[in-house]
Amino acid sequence: MNIELAAPDDFIPVREGWDARSPFVAQEGPLTFCHFDFVAQALAKIERGHAQDVEDVQTMLERGLVTADALRTAFDEIAPRLYRYPAVDPEVFRRAVEAITGGPW
């Protein structure tokens, strides 16, 4: 299990309502555990581009946790806010999304 003390919004902007799209995992007393929005996770992994990240996203697509259309739509939604992340090259990021989702949209 890979546990990383980082959230997608450390790497890219995330869409409004991400918390509502964060699937429930468990409740332990007063604590609730949820996944971070899978689409945001996948986009952050695509942007980072590490081999393990790309493999993770391919697995997420295969398991139906995210869809190519959802990734493209979310990218289009966050693209106008990428200027807040100067380390991210929007065009390189777009090409990486296209590569993993099977081409331009």
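Bear in mind that the values in this text are calculations on the coordinates, not laboratory data. The structure displayed is predicted, hence computed values, not measured ones. Reconstructed Cβ throughout: ideal geometry from the backbone, glycine too, with neighbour counts over all protein chains shown.
Those residues that are touching a residue at least 40 places away in the same chain (Cβ under 8 Å), part of a helix (DSSP H, G or I) and surrounded by 12 or more Cβ atoms within 10 Å (Cβ to Cβ), I need them from region 83-94; list them, please.
Start the filter on region 83-94 by keeping residues that are touching a residue at least 40 places away in the same chain (Cβ under 8 Å), which leaves 84-85, 88, 93.
Remaining after also requiring part of a helix (DSSP H, G or I): 84, 93.
93 - this is the single residue of region 83-94 that is touching a residue at least 40 places away in the same chain (Cβ under 8 Å), part of a helix (DSSP H, G or I) and surrounded by 12 or more Cβ atoms within 10 Å (Cβ to Cβ).
Kindly indicate whether residue 97 is in contact with a Leu (Cβ under 7 Å, 6 or more places away or on another chain), farther than 13 Å from residue 8 by Cβ and surrounded by 10 or more Cβ atoms within 10 Å (Cβ to Cβ).
When the stated conditions are applied, residue 97 passes them.
What are the residues in region 1-59 that are closer than 21 Å to residue 70 by Cβ, of a type in the set (Phe, Trp, Tyr) and surrounded by fewer than 16 Cβ atoms within 10 Å (Cβ to Cβ), if any?
24
Identify, from the list 32, 67, the residue that is within 28 Å of residue 103 (Cβ to Cβ), without any contact (Cβ under 8 Å) to a residue 24 or more places away in the chain and among the β-branched types (Val, Ile, Thr).
After ruling out the rest, the residue left standing is 67.
Is there any pair linking a residue in region 8-28 that is touching a residue at least 40 places away in the same chain (Cβ under 8 Å) to one that is loosely packed, with under 10 Cβ neighbours inside 10 Å, with Cβ under 6 Å and at least six apart or on different chains, and which?
Between residues of region 8-28 that are touching a residue at least 40 places away in the same chain (Cβ under 8 Å) and residues that are loosely packed, with under 10 Cβ neighbours inside 10 Å, there is no close pair.
Taking residue 38 as the residue in question, decide whether it is of a type in the set (Phe, Trp, Tyr), closer than 26 Å to residue 1 by Cα and without any contact (Cβ under 8 Å) to a residue 24 or more places away in the chain.
no
The rows are residues; the columns are (1) charged (D, E, K, R); (2) not in a helix (DSSP H, G or I).
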{"site": "45", "(1), (2)": "yes, no"}
{"site": "52", "(1), (2)": "no, no"}
{"site": "65", "(1), (2)": "no, yes"}
{"site": "81", "(1), (2)": "yes, no"}
{"site": "105", "(1), (2)": "no, yes"}
